[in-house]
2 protein chains.
Amino acid sequence: MADAERILDRIRAAGGRVTGPRRQLVTALVDADDHVTAEDLAAAVGEPHLSTVYRTLDALEELGVVDHVHLGHGRAVYHLTDASHQHLVCEACGDVTEVPEGLFTSLARKLQADYGFRMRPNHFAVLGRCAACQSTQSTQSTPA
Amino acid sequence: MADAERILDRIRAAGGRVTGPRRQLVTALVDADDHVTAEDLAAAVGEPHLSTVYRTLDALEELGVVDHVHLGHGRAVYHLTDASHQHLVCEACGDVTEVPEGLFTSLARKLQADYGFRMRPNHFAVLGRCAACQSTQSTQSTPA
DNA sequence: ATCTTTGCAAACTTTTTGCACCAAT
DNA sequence: ATTGGTGCAAAAAGTTTGCAAAGAT
């Protein structure tokens, strides 16, 4: 929870103000130490207005403290940048598996080498099918 | 353009009807042979109602003929499933580079081996920074 | 005192849905 | 004749914004 204070200091250092909602949101974010949606956060801290949540998250993103990821078609999820990992999302059951970012470094290196492209790996999730759902529902067509 | 007819036949085979809008949309999709948004398609074929476009794309997706990808925060883009490639999207300039899917097979193999997860690589784009924007604006912070 | 943040309501963007009419089979 | 598709308008979902009041520095 010293983490939260460190982040709040960073807000202040950037000329921002540490308000009640912000302190609560930052704390919730640190405590969650996992992907949470804006709604999750709001619910976790006594329902501030969603616009407040989004604005706070924006501010934190500008500070480089949080990042957001699109797991699927719906809401985005936010997490602290130092918890850098990838998300494998099963399209069948919705299960989310976190995998270390290291798995992607070889791909990242290749994209950099061949295309000069530096990937930011964790902004979008990797969609597919988890182990359980592969055996269960083989309804997955392999289209021509 | 025999491609378009083949797809239309597939619609019919599935009990669907080949209407004017559908014929136009399928043709536009084949002609585009690249990522297009629902709006792009609508504009390309004389502005049918967007709901028609979405419904047609849904139908085509159920047939396994098209797939859609989220390139960024906004609209999704659609493409024929047989044009299987990945998209590298530059967050700075918006440029989209297509890369062969082969680059991802080693990653896919690893995810399958280690996590039993079978990735569907092209549903989300890979975000990052293209070669040009890496040199230009080094505003990219590397947060703690 | 100043400048930021809040809450609200309302706009916004993208996509979905209900419904009556129309068209392909 | 039947069943599926169309257009419209309106809703839905997620996020953003303008504004006046409240709060942090």
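The values are calculated or read from the model by the stated rules, or taken from the named source; none is laboratory data. Remember, it's a predicted structure, so these values are computed and weren't measured experimentally. Because the Cβ atoms are built from the backbone with ideal geometry, glycine has one as well, and the counts that use them run over all protein chains shown.
A few remarks follow.
- Annotation note: of A:52, A:27, A:105, the sole residue that is within 30 Å of residue B:112 (Cβ to Cβ), out of contact with any Phe, Trp or Tyr (no Cβ under 9 Å at 6 or more places or on another chain), part of a helix (DSSP H, G or I) and among the β-branched types (Val, Ile, Thr) is A:105.
- Pairing residues of the stretch B:5-16 that are part of a helix (DSSP H, G or I) with residues that are among the aliphatic types (A, V, I, L, M) and away from DNA strand D (no atom under 12 Å from the Cβ), at Cβ distances under 7 Å and at least 6 apart in sequence or on separate chains, gives B:7/B:65; B:10/B:65.
- Residue list for the stretch A:60-81, restricted to those being at pLDDT 85 or above and outside any loop (DSSP other than H, G, I, E, B): A:60, A:61, A:62, A:66, A:67, A:68, A:76, A:77, A:78, A:79, A:80
- Failed criterion for residue A:26 (all others in (1) within 13 Å of DNA strand D (Cβ to nearest atom); (2) closer than 17 Å to residue A:81 by Cβ; (3) within 13 Å of chain B (Cβ to nearest Cβ) hold): (3)
- Failed criterion for residue B:40 (all others in (1) assigned to a helix (DSSP H, G or I); (2) within 13 Å of DNA strand D (Cβ to nearest atom); (3) within 30 Å of residue B:95 (Cα to Cα) hold): (2)
- Matching residues in the stretch A:25-65 - criterion: being among the small types (Gly, Ala, Ser) and either surrounded by fewer than 19 Cβ atoms within 10 Å (Cβ to Cβ) or farther than 13 Å from residue A:76 by Cβ (or both): A:28, A:32, A:42, A:43, A:44, A:46, A:51, A:59, A:64
- Matching residues, the stretch A:3-23, being more than 11 Å from DNA strand C (Cβ to nearest atom), within 14 Å of chain B (Cβ to nearest Cβ) and among the aliphatic types (A, V, I, L, M): A:7, A:13
- Among the residues making up the stretch B:106-132, those that are at pLDDT 80 or above, of a type outside the set (A, V, I, L, M) and surrounded by 13 or more Cβ atoms within 10 Å (Cβ to Cβ) are B:110, B:112, B:115, B:116, B:117, B:118, B:128, B:129, B:130.
- Whichever residue in the stretch B:48-104 is within 12 Å of chain A (Cβ to nearest Cβ) and among the hydroxyl-bearing types (Ser, Thr, Tyr) and, among such residues, is nearest to residue B:125 (Cα to Cα): B:97
- Once the stretch A:44-59 is narrowed to residues that are of a type in the set (A, V, I, L, M) and either more than 14 Å from residue A:29 (Cβ to Cβ) or modelled with pLDDT of 95 or more (or both), the residue that is farthest from DNA strand D (Cβ to nearest atom) is A:59.
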